[in-house]
Amino acid sequence: MRAFVKSGLAVMAVAFFAVSSASGAENLPAPQGPVILTVSGHIANTTDGETAKFDRSLLEGLGVTRITTDTPWYDEAVTFEGVLARRLLDYVGADGKTVVATALNQYSAEIPLSDFQDKGVLLALKVNGEYLAIRDKGPIFIIYPFNQNETLRNETYFARSVWQVKDLKIK
């Protein structure tokens, strides 16, 4: 009986992975620490069937990038560290036209998905080597590489630079 149950479970596991692979969907690792970002909407890969939830460790596991840039929010150029937004979008299998970024205070901005894919947008977790605290624009701050592209230095992109980000919804 045990052999039958074990082989039955093996067949079910193979069937599950075959369906997941055929649909292109993947179950992502579940966060072990506090969730700081939830991605929802048109995504293929999730942690719970509908959303992809991330703690700081999972985000950093996608690869950390550093950008030094001037911003309207700091008196001098600062160095941000975090995950390239396009890397996160690829990881969750995002498929849409826009991203709605929502902050802890419910402020939200609609950002073209193409910004995340083409403009080097960073989901910053640190500034000058220190994790961003909620009182200082954390836990996540959307940062454009303002010094690398002068056309990004205007109110349109400043308004898309949401801080205290908690959710990204792909539409």
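The values are calculated or read from the model by the stated rules, or taken from the named source; none is laboratory data. If you're wondering where the values come from, they're calculated on a predicted model, not measured in any experiment. Positions of Cβ are backbone-derived with ideal geometry, glycine not excepted, and every protein chain shown enters the neighbour counts. Please note that ligands, DNA and RNA were not included when accessible areas were found on the heavy atoms of the full protein model with its side chains. Shrake-Rupley method; radii C 1.70, N 1.55, O 1.52, S 1.80 Å.
A count restricted to region 16-43 and to residues that are at pLDDT 95 or above and either touching an Asp or Glu at 6+ places or on another chain (Cβ under 7 Å) or among the aromatic types (F, W, Y) (or both) stands at 9. Restricting the search to region 60-71, which residues are part of a loop (DSSP other than H, G, I, E, B) and either more than 18 Å from I140 (Cβ to Cβ) or open to solvent by less than 50 Å² (accessible area, probe 1.4 Å) (or both)? Result: L62, G63, D70, T71. For beta carbons closer than 6 Å, sequence separation of 6+ or different chains, a first residue in region 107-121 that is under 17 Å from T69 (Cβ atoms) and a second that is in a helix (DSSP H, G or I) and open to solvent by 70 Å² or more (accessible area, probe 1.4 Å), the qualifying pairs are F116/R86.
Of the residues D48, D90, D95, which single one is open to solvent by 30 Å² or more (accessible area, probe 1.4 Å) and modelled with pLDDT under 95? Write out each step before concluding.
Working: D90 fails: modelled with pLDDT under 95; D95 fails: modelled with pLDDT under 95.
After ruling out the rest, the residue left standing is D48.
Every residue, every condition in (1) in a strand (DSSP E or B); (2) modelled with pLDDT under 95; (3) open to solvent by 10 Å² or more (accessible area, probe 1.4 Å); (4) not β-branched (V, I, T), yes or no:
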| residue | (1), (2), (3), (4) |
| --- | --- |
| E110 | yes, no, yes, yes |
| D115 | no, no, no, yes |
| A124 | yes, no, no, yes |
| I142 | yes, no, no, no |
| F146 | no, no, no, yes |
| L168 | yes, no, no, yes |
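Are any of the residues in region 87-107 among the basic types (K, R), under 12 Å from the mean Cα position of the chain (by Cα) and within 27 Å of T46 (Cβ to Cβ)? Looking through region 87-107, at least one residue is among the basic types (K, R), under 12 Å from the mean Cα position of the chain (by Cα) and within 27 Å of T46 (Cβ to Cβ).
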